[in-house]
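The values are calculated or read from the model by the stated rules, or taken from the named source; none is laboratory data. What you are looking at is a predicted structure, and each value in this text was computed from that prediction instead of being measured. Cβ coordinates were reconstructed from backbone atoms using ideal geometry, including for glycine residues, and neighbour counts include every protein chain displayed. Ligands, DNA and RNA are stripped out before the accessible areas are found, and what is left, the full protein with its side chains, is counted by its heavy atoms. Shrake-Rupley method; radii C 1.70, N 1.55, O 1.52, S 1.80 Å.
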Amino acid sequence: MEAINKHMSRRTFLTGAALTGATAAVSATGLVGCAAKASEANDTSTTSADTEQAPNIAIQAVKVGEAGEPVRECDYLVIGGGNCGMMSAAHAGSLGLSTILLEKSSVTGGSSVGTEVTMAFSDCKILQECVDDPNVVNVSRPSGSPADIYTYFMMHNSWESDAELVSNYVLNNHRQHDFLYEHGAYPMMLLPSLDSPACGIMYEGQGIGAFEIMQKAAEEYGVEIITSAPATALVVDDEGAVVGAMAEIDKTESYVKAKAVFVGTGGFSNNTEMIDRYIPGYGAMAWKNDAHLAHDGDGIRMMLGAGAVESDLSLAQPSASSVEGVTWDTPIDKAAREPYLWVNSIGRRLGNEKWSVMDTMFKVGIKENDHIYFNIIDSAAVERMATQPLMTNARTVLGSPDPVPEMADELEKGVADGSVFKGETIEELAEAAGIDVEGLKKTMSAYNEMAKAGEDTEFFKDPAALFAVDQPPFYAFRLIPSWYSTLCGVKINGKIQVVNAEGKPIPGLYAGGLDSGEFFKDNYNHGFSGGCSGYSYFTGFFAADKAKEYIEGK
Ligand SMILES: Cc1cc2nc3c(=O)[nH]c(=O)nc-3n(C[C@H](O)[C@H](O)[C@H](O)COP(=O)(O)OP(=O)(O)OC[C@H]3O[C@@H](n4cnc5c(N)ncnc54)[C@H](O)[C@@H]3O)c2cc1C
């Protein structure tokens with residue numbers, strides 16, 4: 001199986017991603033990649049579909065009469081061999097649809113390489129049948145009712161999500177897990193989401209393990225998987241129905257004819273021009289953890305060129321804040337995300353630090369003018385971290401909250417290499433870190449008074465995490481927000497059909513995962529942990545059902 005190396009641990013991957021992120025961002029294919037060639041070719045073609053209304057990032061669809069003879073034909077064409085694409089292909093194959101999957105990279109897998117947890121609800125067989133297996137770490141709790149989950153999700157997205165899409169997700173989420181389970185996937189951990197009525201499954205082998213089950217199933221059902229084969233444009237008939245795609249197969253521009261097409265190319269987080277356009281500020285300063293993936297915006301651009309419309313392209317999936325250049329889950333990283341006193345460059349406190357896990361502080365941080373903020377600790381905190389369990393903001397499921405006896409030494413190493421700032425006084429610390437001295441002094445004075453009184457009357461932090469920061473020496477960590485990927489693509493409806501500006505389905509076109517929108521209406525909410533891959537699995541799976549109905553004329 002040509003899948004991503006299953007021995008590549010998430011930690012290795014993340015470290016590598018952090019180290020290579022800058023290079024990858026610079027060399028990202030972006031608008032000059034393979035797909036753009038089709039755009040340029042079609043932009044100059046007098047016989048291509050009408051370009052009048054297409055946004056300028058669109059890769060214009062090719063009219064079927066211009067596509068040439070098909071080199072391959074199938075019922076169902078899947079573009080993108082990541083989480084949603086492989087799930088869709090496997091399920092389509094199981095439904096008896098002749099299916100081809102095109103993958104741009106030389107390996108399949110996409111974001112599965114980073115995925116840890118996938119959302120599930122109590123109605124899935126795994127949560128019912130594996131809970132008592134002593135080999136499965138079970139820290140889950142029963143999920144809420146479908147009504148609870150639906151309401152929670154809609155509330156967290158300001159009731160702006162497509163109601164039918166959310167409802168179908170809630171009602172059908174168990175099916176993709178049942179499919180994986182029936183094809184050999186097994187959980188290693190069942191765990192609750194932070195504060196939502198949902199649960200998560202960590203499969204054996206994590207995201208890659210689940211992905212390999214999908215790919216094996218797809219292969220068993222006869223899906224043809226073609227790697228190093230980027231789709232470059234959609235192909236439409238005279239009525240605007242999507243009837244296949246152009247792709248570079250064996251370095252030759254080829255028409256793959258299909259009765260229905262599913263697009264799941266993973267968003268645009270490697271397309272610097274789209275980032276600057278839709279989420280300015282997320283590019284240069286914030287870290288990306290998927291910088292090695294081919295998230296060039298191809299799918300979104302191709303669908304826009306076939307009549308699709310943008311959903312909320314300004315949304316992203318935040319990751320945790322950390323110190324630039326410091327590897328995750330090392331002592332400095334752990335200390336940096338403990339919920340002590342988080343301030344910005346002018347010394348203003350940012351919020352309830354106990355919620356400094358992922359999305360909340362990401363959103364606060366990304367609003368700062370320079371996207372930078374600081375965590376301030378003192379020597380008492382260092383001693384606490386060396387001897388007591390961390391208050392950990394549990395950024396990673398696998399990160400250990402155990403005390404770090406060597407913390408003081410590690411911080412000194414950080415001071416020496418410049419990743420940690422130190423001062424014997426607040427003034428000295430502020431100057432070393434580049435924080436406004438008077439602003440920080442004022443904030444610390446007020447914060448320490450609240451800590452001594454045992455009540456955070458400002459942001460209501462849990463008293464168990466409210467410690468005075470007043471014992472020299474002081475340390476500061478300069479944090480920058482990080483993010484995994486973009487979150488939304490083109491508008492889809494509850495049947496995973498891509499819709500046009502009038503809200504009508506574009507016949508034959510389905511989109512899922514990070515290429516689709518109308519599910520998330522806010523940055524990813526980590527209270528809904530695992531919801532991102534869960535959504536990808538769902539869109540892929542459900543689209544295959546709906547495409548089969550379409551193909552059969554139902
Ligand atoms: C480091 C990391 C950790 C994560 N952890 C979690 C987690 O624990 N829980 C969770 O729920 N979510 C998590 N996510 C998010 C989740 O993995 C993604 O939201 C989801 O998997 C996206 O699925 P997708 O199918 O849309 O994209 P992907 O899985 O990335 O697949 C897209 C595929 O399309 C291919 N492609 C691109 N362009 C073309 C083209 N022109 N032609 C053909 N193929 C193309 C790409 O190469 C890629 O293989 C994480 C993401 C990352 C990066």
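Points worth noting:
- The Cβ shell under 15 Å around D456 holds other residues with a net charge of -1, Lys and Arg each +1, Asp and Glu each -1.
- Full-stretch length increase - E73, E406 - with 0.36 nm per residue and alpha-carbon distance subtracted: 113.7 nm
- Net +/- balance of residues flanking Y169 in space, Cβ distance below 13 Å, scoring K and R +1, D and E -1: -2
- What the range 428-511 shows is 41 Å² of accessible area per residue, with the surface traced by a 1.4 Å probe over protein heavy atoms.
- Count Lys and Arg as plus one, Asp and Glu as minus one, and take only other residues whose Cβ is under 10 Å from that of T99; the net charge is then -2.
- Legend: distances between Cα atoms for K413/K461; K504/K548; K504/K554; pairs beyond 25 Å are K413/K461.
- For the range 193-261, the per residue solvent-accessible surface stands at 35 Å², with DNA, RNA and ligands left out and a 1.4 Å probe.
- For the range 402-554, the normalised intensity computed at q = 0.09, 0.15, 0.16, 0.20 Å⁻¹ comes to -0.58, -0.88, -0.94, -1.22 (log10 of I(q)/I(0), Debye sum over alpha carbons, equal scatterers, no solvent).
- Over 18 Å (Cα to Cα) - which of K104/K251; K495/K546; K422/K452; K216/K257 fall in this group: K422/K452; K216/K257
- Computed accessible area, W159, all protein chains, 1.4 angstrom probe, square angstrom: 140
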